[in-house]
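The values are calculated or read from the model by the stated rules, or taken from the named source; none is laboratory data. These figures come from a predicted structure and were not determined experimentally. Ideal geometry is used to build each Cβ from the backbone, glycine not excepted, and the neighbour counts take in all protein chains shown.
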Amino acid sequence: MSWYVELEFLGELRNPEDLDQAAEGAVMAHYQEKVGVLRLRALLDAAEYEAAMSEAMQWPARLPGAAELVNSGALTGPDRVVVETSAARSRGMDLVGAAEIAERFGISTTRVRQIEKRPDFPGQVSDLKGGRIYRADEVDQYGKQRNSAAGRPREDQSDA
């Protein structure tokens, strides 16, 4: 069984050389400029859980470029560490947009756009030209808890 590690750092990379520097030692580097999140991923040399966790904890030390950017203050972290098997990676993340949410809830996309503004609605994963993207499992959980009764809610009920 193959294991992967993914680290997330926060900060502003001001030029392409910073990303190249941070990626040194990683097999994958992705920087989301809009939110200032750098993700670095690598395949671990481990067959069992304990060995994968041990190697994952040592992996940040093998990233001299990222360490230098952290020491300079350009990045903070790692703020998140994920260790998973290749099987877990292949399942991926089920994502939905307004059309899928409308279909799941039996409402219009216009109503979805209204509900998205609620403070208890799940946080978006990304904002694309086509609209906001959410994790399906979080949206489904929200859908189970929302008041979906027709008409205006009474004052003692939350708005659907």
### Message
Let me spell it out: the conditions are (1) modelled with pLDDT of 90 or more; (2) outside any strand (DSSP E or B), and Pro60 meets all of them except one. Which number is the exception?
### Response
(1)
### Message
Against the condition under 20 Å from the mean Cα position of the chain (by Cα), among the acidic types (Asp, Glu) and at pLDDT below 90, how does Asp127 come out, does it pass?
### Response
yes
### Message
Here is a list: Thr85, Thr76. Which entry is over 30 Å from Lys129 (Cα atoms) and surrounded by fewer than 19 Cβ atoms within 10 Å (Cβ to Cβ)?
### Response
Thr85
### Query
Out of all the residues in the range 31-49, is one or more touching a strand residue (DSSP E or B) at 6+ places or on another chain (Cβ under 6 Å), in a helix (DSSP H, G or I) and under 15 Å from Val83 (Cβ atoms)?
no
### Summary
Picking from Val125, Val81, the residue that is within 30 Å of Ser2 (Cα to Cα) and touching a residue at least 40 places away in the same chain (Cβ under 8 Å) would be Val81
### Task
Of the conditions (1) free of Cβ contacts under 8 Å to residues at least 12 places away in the same chain; (2) in a helix (DSSP H, G or I); (3) not small (Gly, Ala, Ser), Lys117 clears all except one; give me its number.
(2)
